[in-house]
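See structure below.
The values are calculated or read from the model by the stated rules, or taken from the named source; none is laboratory data. A quick note: this is a predicted structure, and the numbers were derived from the prediction, not measured. Neighbour counts run over all protein chains shown; Cβ positions are idealised from the backbone, glycine included.
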Amino acid sequence: MTTLDPWGAVKIDNYSKLFEEFGISRFDELLGKIPNPHRYMRRHIIFGHRSYDTVLEAMLSGKPFAAMSGFMPSGKAHLGHKMVMEEIIWHQQQGGSAFLAIADREAHAVRGISWEKCRELGINEYILSAIALGLEPGAHIYFQSKSNLVKDLAFELGIKANFSELSAIYGFTGETNVAHMISALTQSADILQPQLKEFRGPKPTVVPVGADQDPHIRLTRGLAYKMNMFMVEEREGTEGAYVSVRGKAAPKEALKEIAKRTGGRLYEEHVDVPKSNLTEVESTVRQVELRYGGYAFIPPASTYHKFMTGLQGGKMSSSIPESYIALTDPPEEGAKKVMRAKTGGRVTLEEQKVKGGEPDKCSVYELLLFHLVENDNELKEYYRDCVGGTRVCGVCKKHAAELMKKFLKEHQEKRELAKLRLPEFGIKSDGQIEV
């Protein structure tokens with residue numbers, strides 16, 4: 001059984017297990033419907049999703065949707081964080097609202113990092129890099145500890161959560177501090193915040209994550225259902241299929257209005273709508289729920305991307321500087337890390353020429369695949385030459401090192417420009433964020 005721990009070290013050897021064990025759907029099934037897919041989509045780095053079809057439908061029809069993610073300010077932003085930033089930016093470019101949380105409550109509760117350090121890392125490491133990568137004004141950037149909307153929503157979500165549920169999802173024990181539990185609920189509030197009335201109400205929202213973060217998604221999806229007044233589901237009866245709208249705690253007047261709008265049959269605690277389109281009924285129910293003071297949350301969607309391998313093999317770890325390249329590493333140092341990285345080459349040059357290299361086991365090829373080469377045909381050529389034994393590791397490393405050096409140099413120049421643009425994102429010169 002695979003265990004997913006959002007705060008621990010997770011290594012996944014077989015991603016296909018996640019489809020069966022956790023009910024994650026295959027992303028490939030949606031790929032053909034996406035115009036101008038991100039390279040992570042094209043290259044199957046994004047391998048799975050939950051309910052992304054709701055986001056895609058909104059994207060294709062020009063309806064509102066959002067993309068959000070949070071970053072725990074516990075150290076330097078690295079290439080793994082860059083992946084998530086790029087996915088948020090891509091969704092913003094497709095017309096979505098972008099939300100970027102600095103998870104300082106989580107960093108303070110789980111890692112013991114001071115509030116001052118959280119603020120410094122949040123702005124200097126994460127926010128500046130996100131802007132440098134292409135995040136545009138209009139994105140909602142905030143610190144958890146400074147957002148009353150998030151804190152108030154986390155409190156409301158706490159009414160619907162209990163220790164047994166948190167323990168089952170996260171493995172919390174009697175030794176887990178209460179602030180750690182609150183930080184988990186705060187992350188659920190982050191994910192649902194784009195659907196509050198202050199941000200124009202319910203909308204499909206996607207959270208790009210690594211598979212280790214799926215516990216947050218599962219908790220939030222469950223809480224979204226619990227927070228809503230009504231449960232809407234398709235059922236089969238003697239007269240065929242129908243949609244049942246149940247609302248045990250909902251105002252009776254709300255049920256009556258749903259029955260009137262849908263032409264359904266009103267009962268004491270539910271409305272049955274015969275031969276109806278589920279999506280249309282859900283839309284009507286959300287409109288009614290909002291009129292009566294409810295949240296009408298749409299369960300959040302998620303996409304799942306594969307982990308990057310550490311430069312020396314194994315998992316990339318923020319506690320092992322040689323395993324990752326930070327976005328603020330000096331360009332020369334980033335190039336040196338590439339030159340020291342583990343490859344998929346054979347023991348000898350002669351053996352490589354005969355048997356070919358193994359790019360699927362090579363951290364240098366992975367850098368090209370994930371970050372350094374945008375053109376798919378160019379990447380295929382590198383792969384083909386490696387497997388064919390005509391591209392040797394030394395040449396490949398030097399090329400990747402030069403590309404990394406160039407990327408870091410350009411990125412850090414853009415970070416300097418991003419400092420001047422902070423006011424465009426509501427961030428004042430003293431580091432305070434306008435609410």
So which of Ala341, Ala335, Ala296 ends up being in contact with a helix residue (DSSP H, G or I) (Cβ under 7 Å, 6 or more places away or on another chain) and within 21 Å of Lys226 (Cβ to Cβ)?
-> Ala296
Go through (1) modelled with pLDDT under 95; (2) touching a His at 6+ places or on another chain (Cβ under 6 Å) one by one and return the number of the condition Ala326 breaks.
-> (1)
Test: residue in region 322-340 that is under 27 Å from the mean Cα position of the chain (by Cα), without any contact (Cβ under 8 Å) to a residue 24 or more places away in the chain and closer than 30 Å to Cys396 by Cβ | yes
Go through region 243-268 and give me each residue that's free of Cβ contacts under 8 Å to residues at least 24 places away in the same chain and either of a type in the set (Ser, Thr, Tyr) or more than 18 Å from Leu290 (Cβ to Cβ) (or both).
-> Lys248, Thr262, Gly263, Gly264, Arg265, Leu266, Tyr267, Glu268
Residues of region 30-51 being within 20 Å of Pro299 (Cα to Cα) and charged (D, E, K, R), which ones?
-> Arg50
Reported set for region 255-291 where residues are crowded, with 16+ Cβ neighbours inside 10 Å and part of a loop (DSSP other than H, G, I, E, B) is Gly264, Ser276
Can you pull out the residues in region 348-403 that are among the hydrophobic types (A, V, I, L, M, F, W, C) and outside any helix (DSSP H, G or I)?
-> Cys362, Val373, Val392
Being closer than 24 Å to His38 by Cβ and within 24 Å of the chain's Cα centre (by Cα), is that true of even one residue in region 383-397?
-> no
Hits in region 214-232 (condition: part of a loop (DSSP other than H, G, I, E, B) and aromatic (Phe, Trp, Tyr)) = Phe230
Counting only residues that are of a type in the set (Phe, Trp, Tyr) and not in a helix (DSSP H, G or I), region 50-88 contains a total of 2
(1) modelled with pLDDT of 95 or more; (2) surrounded by 19 or more Cβ atoms within 10 Å (Cβ to Cβ); (3) within 17 Å of the chain's Cα centre (by Cα): which one isn't true of Pro37, the others all being true?
-> (2)
Scanning region 185-227 for residues that are touching a residue at least 60 places away in the same chain (Cβ under 8 Å) and polar (S, T, N, Q) gives Thr186, Gln187, Gln193, Gln195, Thr205, Gln213, Thr220
Residues being β-branched (Val, Ile, Thr) and crowded, with 21+ Cβ neighbours inside 10 Å: count how many of those fall in region 94-142.
-> 4
Extreme residue, surrounded by the fewest Cβ atoms within 10 Å (Cβ to Cβ), among residues of region 233-254 that are part of a strand (DSSP E or B) and of a type in the set (Lys, Arg) = Arg235
